[in-house]
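Below: the structure, in structure tokens.
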Amino acid sequence: MSASPSSDPTRRLAFYALAVCVLSVAAAVVSFVQGSWLGIVWVLLAGLSSNMTWYYARRGRTRDRSGSVTG
């Protein structure tokens with residue numbers, strides 16, 4: 001029996017990291033369109049949050065497969 005995504009903290013963290021990734025990409029595009037080099041910081045944040053998304057999504061999948069409750 002699988003837990004719902006809303007009750008699994010790793011899936012929730014993966015979703016939040018994905019939201020941060022999408023918003024930081026949008027912020028980077030806006031910054032570069034306006035001619036600001038601050039967009040580089042947004043690109044770096046997008047890369048970090050993308051890696052966090054993959055990490056937490058994969059961790060949640062392996063936890064579901066193994067049936068472990070304690071990470």
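The values are calculated or read from the model by the stated rules, or taken from the named source; none is laboratory data. No experiment lies behind these values; they were computed from the predicted model shown. Please note: Cβ atoms are built from the backbone with ideal geometry, for glycine as well, and neighbour counts cover all protein chains shown.
Remarks
- Residue within the range 32-41 that is hydrophobic (A, V, I, L, M, F, W, C), under 30 Å from ARG63 (Cα atoms) and exposed (fewer than 14 other Cβ atoms within 10 Å of the Cβ) present: no
- Output for the range 27-53, where each listed residue is under 19 Å from ARG11 (Cβ atoms) and touching a residue at least 12 places away in the same chain (Cβ under 8 Å): SER49, SER50, MET52, THR53
- If only residues of the range 56-71 that are assigned to a helix (DSSP H, G or I) and within 13 Å of PRO9 (Cα to Cα) are counted, the one that is modelled with the lowest pLDDT is ASP64.
- Yes/no for SER49 being buried (at least 17 other Cβ atoms within 10 Å of the Cβ), modelled with pLDDT of 95 or more, in contact with a Cys (Cβ under 7 Å, 6 or more places away or on another chain) and not basic (Lys, Arg): yes
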